[in-house]
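The values are calculated or read from the model by the stated rules, or taken from the named source; none is laboratory data. Every value quoted in this text rests on a predicted model; they were computed, and no experiment measured them. Cβ coordinates were reconstructed from backbone atoms using ideal geometry, including for glycine residues, and neighbour counts include every protein chain displayed.
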Amino acid sequence: MTPEDTEQKAAQEAFSRGALDLPTDEQLKLMSFVELAARRAGYREDSAQVQVIDREIRKRLATDQAKINLPNMIWAAGVGGLLGICGAIGGVVIGYFLKTDLSVRNAVPPTSMSAPNARESAAPAPRLEKK
């Protein structure tokens, strides 16, 4: 946008605000909630004035809710981070024990503790006679 376009747009907006008796953003910010409610009550429900005032009220409400919820969001982020760290450490511990358990099962037992030789303990295999 060129500077001329910007100036023209600002002039059109100022003209529209003046023609419709709309307060500027600065005027809306300076008004208390009671003033906004009083101005809103003086207009029809579907008018541009009510839409502008409702928008300002919604912006203030969102700002107030964000300020109120900030400690809760910080608390939730801290708890979530702590649980994430505990989960990661728990996963490492479980993985270590699973790896250790599997390696013990698959390990070759030492020869001193092995079972007796299969040839010594087994009965001799029957011989088949040829006919």
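The set of residues in region 31-63 that are acidic (Asp, Glu) and assigned to a helix (DSSP H, G or I) comprises Glu35, Asp54, Glu56.
Within region 34-67, the set of residues being touching a helix residue (DSSP H, G or I) at 6+ places or on another chain (Cβ under 8 Å) and among the acidic types (Asp, Glu) comprises Asp54, Glu56.
The set of residues in region 12-30 that are in contact (Cβ under 8 Å) with a residue 24 or more places away in the chain and not in a helix (DSSP H, G or I) comprises Asp21, Leu22, Pro23.
For (1) at pLDDT below 90; (2) among the polar types (S, T, N, Q); (3) over 21 Å from the mean Cα position of the chain (by Cα); (4) farther than 22 Å from Glu26 by Cα, each residue gets a yes or a no:
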residue	(1), (2), (3), (4)
Gln49	yes, yes, yes, no
Ile53	yes, no, yes, no
Glu56	no, no, yes, no
Thr63	no, yes, no, no
Ile68	no, no, no, yes
Leu83	no, no, no, yes
Ile89	no, no, yes, yes
Val93	no, no, yes, yes
Ala118	yes, no, yes, yes
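Being of a type outside the set (Lys, Arg) and surrounded by 11 or more Cβ atoms within 10 Å (Cβ to Cβ) is the requirement here; does Ala14 meet it? Spelling it out, Ala14 is indeed of a type outside the set (Lys, Arg) and surrounded by 11 or more Cβ atoms within 10 Å (Cβ to Cβ).
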